[in-house]
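No lab work stands behind these numbers, since they all come straight from the coordinates. Worth saying up front: this structure is predicted, and the values here are computed from it rather than measured. Please note: Cβ atoms are built from the backbone with ideal geometry, for glycine as well, and neighbour counts cover all protein chains shown.
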Amino acid sequence: MQDIPQETHHETTRLTQSAQVVLWEIDLTEVGGERYFFCNEQNEKGEPVTWQGRQYQAYPIQGTGFELNGKGSAARPTLTVSNLHGMVTGMAEDLQSLVGGTVVRRKVYARFLDAVNFVNGNSDADPEQEVISRWRIEQCSELSAVSASFVLSTPTETDGAVFPGRIMLANTCTWTYRGDECGYHGPAVADEYDQPTSDITKDKCSKCLSGCKFRNNVGNFGGFLSINKLSQ
């Protein structure tokens, strides 16, 4: 079941809604590849869409069959991407048809996108307003000179496979500070209590979203912002 943040839910009930943007992350690191961030459109400035500080490059990509179904077998969506310049062909040959890779689908209303996407900024920007679903690439169902299609499954469906997992925490980052997943390699900013410091020996991350904001590194935050807090 997908978690829907409160403001996103409110947006769906508005008479006039902002456009919904679908953002795709294709993570091939577990099969020896890299991470790719795509969106099927650009922002109003004609630039890549930026979400949580990360750019999603404009690239022809489309997903179908993602509708939630409470009956019968689990959904098996299809992801189709352009094979421009044979890019997918090369990766498929080198990485066993990309089977085992992870696909993350993010749906965000344009109203909540980062301010940098707009000529006049965006006072409604909110990095927590996203709906996320995660999938595994199960097979490459079609590969041509024009496009490639992949059948997806939920990670728990994958027969006999064991995938690394981690506890889903809303405002706690589990990445190693300054490690590969964190991606921050700049100067000293703050200590573990978010108190400013220029002393590199005292520079530590608070492991909260605030720590990433201090370092302009929200896009690499290792928590799950869209998880709603339990009612008190």
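Remarks
- Computed E for GLN62/GLN42 - FRET, C-beta separation, R0 25 angstrom, nearest 0.05: 0.95
- Rg(Cα) / (2.2 N^0.38 Å) computed for the chain, rounded to two decimals: 1.08
- Note that the range 52-62 has calculated 3J(HN,Hα) couplings of 6, x, 10, 8, 10, 5, 5, 7, x, 8, 8 Hz, one per residue in order, obtained from phi through the Karplus relation 6.51 cos²θ - 1.76 cosθ + 1.60 (θ = phi - 60°); glycine and proline are x.
- Count, lysine Cα pairs under 25 Å in the chain, 8 or more residues apart or across chains: 9
- Antiparallel DSSP beta bridges within the range 6-157, as percent of all bridges there, nearest 5: 95
- Sequentially through the range 77-94, phi angles give Karplus couplings (6.51, -1.76, 1.60; θ = phi - 60°) of x, 10, 10, 10, 10, 5, 9, 3, 6, x, 4, 5, 4, x, 5, 4, 5, 7 Hz, Gly and Pro residues having no value and appearing as x.
- Taking PHE221, PHE38, PHE66 as the candidate residues, the one with maximal mean-square fluctuation in a Gaussian network model of the chain, Cα springs under 10 Å, is PHE66.
- For the options GLY100, GLY183, GLY222, a Gaussian network treatment of the chain with springs between C-alpha atoms closer than 10 Å singles out GLY183 as fluctuating the most.
- Using θ = phi - 60° and Karplus 6.51 cos²θ - 1.76 cosθ + 1.60, couplings along the range 115-122 (whole Hz; Gly, Pro as x): 4, 5, 6, 10, 4, 9, x, 7
- Helical runs (DSSP H, four residues minimum) scored at -39500 (n - 2.57) apiece and divided by the length of the chain put the mean residue ellipticity at 222 nm at -2500 deg cm²/dmol.
- Global form of the range 1-95, assessed from the alpha-carbon gyration tensor, a/c cut-off 1.5: oblate
- Between ILE200 and HIS185, the modelled labels are 1.3 nm apart [label points 7 Å from Cα along Cα→Cβ].
- Cβ-derived FRET efficiency at R0 45 Å, SER141 paired with PHE214, nearest 0.05: 0.50
- Under 5 Å between amide hydrogens, built in the peptide plane, is the criterion, and for GLY222 it picks out THR174, TRP175 among residues at least 5 positions away or on other chains.
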